[in-house]
Structure formats: C-alpha cells, structure tokens
Amino acid sequence: MFDPYVHMHPDVEDIDLVEIAEYILLENSNAARSVVKAIRDTFTLLAGQPFLGTVYHPIRQVLRGIRMFTVTDYPNYLIYYRPLPENAGVRVLYVLHAARDSATFVQDHQRQ
C-alpha cells in the first residue's frame, strides 16, 4: 500500500495561499503563518481521508465530484478538492475565504 498524497493545482500555491497570507499579514504576521500552516495541515488530513468533506453541488458539470472542507481551527477558509482514484489522496483546486462568492470565483478561475 502507498501513502496518499496532496496534489495541488499550481494556482493554489501561487495565488490562493499567497493572497490569503498577504491579506492577513496586513494585520498580524504570526496569524498569517498560523492560518497558512493550518491550511497545509488540512490538506494532509484530507489526503488521508478524501471523503471527509461535503459534496460541492456546482452548476457547471465540469466541477462534479468536487468536495469542500473547512480548514481546521479556521472555519472561514474553505478547501475545494477532488478525491483521487483508488484512495490515492486529493487534488486541491481552490482555497477561498467563506465570504467570497465561490460560484463566481470558480467560474472565473477554472481549475481541474
């Protein structure tokens, strides 16, 4: 048996996590590090339990099969991901603050 892994869409690392950290850094650098660490820790949790999150019901068919999970200790941050076949882990597609309009964001930033 092999260990499940986290595969991230490149924009998760290059855009989502950077924007989250930069926004929080405006107020508190320690909090920014804590939130990003909690997000990464939640990725690992999901890799081991890919069906932990709830099914996301998208309007667009291409996004079927995506699940959503709140970040442990920071429930205002949501991770949208797709379980990989054969319990191999997860592919993280988006990390968003709950106040954002996820449907519009997903439509404007199509990730697979």
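The C-alpha atoms of the range 5-108 occupy a region whose extents along the principal axes are 39, 29, 22 Å, arranged from largest to smallest. This ranking places 78, 25 by how few other beta-carbon atoms lie within 10 Å of each, fewest first, which gives 25, 78. Taken along the Cα-to-beta-carbon direction at a fixed 7 Å, the label points for residue 72 and residue 21 span 2.1 nm. The ellipsoid equivalent to the alpha-carbon distribution of the range 1-49 has semi-axes of 25, 13, 5 angstrom, derived from the gyration tensor eigenvalues as √(5λ) and listed largest first.
No value in this document is a laboratory result; all are computed from the given coordinates. Everything numeric in this text was worked out from a predicted model, so none of it was measured. Please note: Cβ atoms are built from the backbone with ideal geometry, for glycine as well, and neighbour counts cover all protein chains shown.
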